[in-house]
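Heads up: the structure comes next, in structure tokens.
The values are calculated or read from the model by the stated rules, or taken from the named source; none is laboratory data. This is a predicted model, so every value here is computed, not measured. Positions of Cβ are generated from backbone atoms using ideal geometry, with glycine treated the same way; all protein chains shown enter the neighbour counts. Each accessible area value is taken on the protein alone, full model and side chains, heavy atoms only, with ligands, DNA and RNA left out. Shrake-Rupley method; radii C 1.70, N 1.55, O 1.52, S 1.80 Å.
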Amino acid sequence: MTTHNIPKTDQTLWWKILLGMALGIALGLILSPTGFAIVNDVTATLLGEWIALPGIIFLGLLKMVVIPLVISSIVLGVIDSGSLHFLKTMGAKLVPYFLMTTFISITIGVLIIQTVNPAQYINAQFVDDIMITSDVPFEIFDELTIPQRIENMLPVNFTEASLEKNMLQIVIFSILLGIVMLTLPKKKTRPFAELCEFAQAATMKVIEWAMMLAPYAVFGLIANVTIHMGLDTLAGVGAYMLSVLLGLFAMFLVYLVIAALIAKQNVFTFLKAIRNAQIFAFSTSSSAATIPFTLKAAEEHLGIDEKVSRFVIPLGATINMDGTALYQAAAALFLCSIFGVDLTTGEIFLLMFTTVGASIGTPATPGVGIIVLATILSSIGVPPEGIGIILGVDRILDMCRTTLNVTGDLVATTVMARFTPSDKD
């Protein structure tokens, strides 16, 4: 597997996306009923749908190729590792690292919310209005025991896992498939390996086409979100949103420290190398869809060995969700404060452990974090309908936490690369 499969990117893409974002916010505020309101509510909603259409097509193209991309990347990554010994060594380092950074991230989220206490800035009338008018679609996950949850991680029905976008099961299936291929003669595995190479090249080509829409997609999606969100929502939960953003930024600084001190990376060079991947993650809100650009940043700009990047990055896109974990812990504590649910120190620690498990199982696609949050809320006594209070700004926070997730995957890759012996060793 070679890096020529990775799609080429316009070197000016990052500023085009930023420009589209700024223009989208401006247009959204102009059309929003709670902004400048130059049109009525019905017209604004209709215009928002049409303006968002390029973004819907863009995300649809990405969702279409996510599963074949993840399977082919992981299978080829495992094969390229060359040995089961490498996988054991890498796994023994990677899993503890992911758990460590996830707990750091959750701790930051808890401390930020407890220090700032954004719930004190929420108007009671605003909460009442949201709860009355909110028709929030949410899903409560089944309350399962730990053995049952482990059982549900096994990909016993690959078709069902694909339909439900259960990325964790798909990742486990792909890793097992790659390991099996390592144990068989290359003569028998070569046809399937070539099929995976084709699948990866084909999905990369679709993503390359989709990238032509990226600036327009970001413009449309942001404009539509801003039309619905408006100034009232921003003012109502502004303190909460700023608290979460502050927490995400704090974790971002932790990543830079890890990159500098452990991975021995020049921080400014590192940030320049991962810029396009971050912008793409921000615009799509999908770690999985960003995999090609995360790989490109790791291999072409950071010089990471393919056998490391092609194993760590697809796996990280599924289980390394530090931004999502921070957001879920912060949002849960914020809503607890609003609804008067007092948590003891022990219950906060339990919440942190629950959030770790939930973040690992969160599909790497837009908006799923809000559904997982509903599960966490139901377990601590907060009505899941309360999500309506933060739903208005969730899209923006989703974009930011996905950017942090992808940054974390790249930092993890540089760390693993530094402590992984080369083929010459």
Point to revise | Selected residue [open to solvent by less than 10 Å² (accessible area, probe 1.4 Å), over 18 Å from the mean Cα position of the chain (by Cα) and among the β-branched types (V, I, T)] from V267, V237, V244 | key: V237
Revision key, fill the gap. Considering the stretch 290-311, residues that are in contact with a Ser or Thr (Cβ under 8 Å, 6 or more places away or on another chain) and in a loop (DSSP other than H, G, I, E, B), and then whichever is farthest from L213 (Cα to Cα), we arrive at D305
**Study point:** Extreme residue, modelled with the highest pLDDT, among residues of the stretch 294-321 that are open to solvent by 10 Å² or more (accessible area, probe 1.4 Å) and β-branched (V, I, T)
**Key:** I304
Exercise for review: Those residues that are modelled with pLDDT of 95 or more and either aromatic (F, W, Y) or at positive phi (or both), I need them from the stretch 234-259; list them, please.
Suggested key: F249, F252, Y255
Check your understanding: Any chance the stretch 252-274 includes a residue that's in a helix (DSSP H, G or I), among the hydrophobic types (A, V, I, L, M, F, W, C) and under 19 Å from A214 (Cβ atoms)?
Key -> yes
Review point. Quick check: is even one residue across the stretch 335-349 open to solvent by less than 10 Å² (accessible area, probe 1.4 Å) and either of a type in the set (K, R) or modelled with pLDDT of 85 or more (or both)?
Key: yes
Check your understanding: Can you name every residue in the stretch 370-401 that is assigned to a helix (DSSP H, G or I), touching a helix residue (DSSP H, G or I) at 6+ places or on another chain (Cβ under 8 Å), surrounded by fewer than 20 Cβ atoms within 10 Å (Cβ to Cβ) and modelled with pLDDT under 70?
Key -> T375, S378, S379, P384, E385
Practice item. Identify the residue in the stretch 141-164 that is open to solvent by 80 Å² or more (accessible area, probe 1.4 Å) and under 21 Å from I291 (Cβ atoms) and, among all such residues, is modelled with the lowest pLDDT. Key: E164
Practice item. Report the residue count in the stretch 55-86 for those that are more than 19 Å from E299 (Cβ to Cβ) and open to solvent by less than 40 Å² (accessible area, probe 1.4 Å). Key: 9
Check your understanding: Which condition does F282 not pass, out of (1) open to solvent by less than 20 Å² (accessible area, probe 1.4 Å); (2) closer than 23 Å to T407 by Cα; (3) out of contact with any Asp or Glu (no Cβ under 7 Å at 6 or more places or on another chain), if it passes all the others?
Key -> (1)
Practice item. Go through the stretch 203-219 and count every residue that is open to solvent by 40 Å² or more (accessible area, probe 1.4 Å) and among the hydrophobic types (A, V, I, L, M, F, W, C). Key: 4
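Is it the case that L231 is surrounded by fewer than 17 Cβ atoms within 10 Å (Cβ to Cβ), modelled with pLDDT under 85 and within 26 Å of Q120 (Cα to Cα)?
Taking the combined requirement at face value, the residue satisfies it.
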Revision key, fill the gap. The residue from S286, S243 that alone is of a type outside the set (F, W, Y) and in a loop (DSSP other than H, G, I, E, B) is S286
Check your understanding: Restricting attention to the stretch 237-254, does a residue exist that is closer than 16 Å to T102 by Cβ, polar (S, T, N, Q) and out of contact with any Lys or Arg (no Cβ under 6 Å at 6 or more places or on another chain)?
Key -> no
**Study point:** Flag if F198 is within 19 Å of the chain's Cα centre (by Cα), more than 24 Å from G91 (Cβ to Cβ) and free of Cβ contacts under 8 Å to residues at least 24 places away in the same chain
**Key:** no
Review point. Can you pull out the residues in the stretch 13-34 that are under 14 Å from Y216 (Cβ atoms) and crowded, with 18+ Cβ neighbours inside 10 Å?
Key: L13, I17, G20, M21, G24, L27
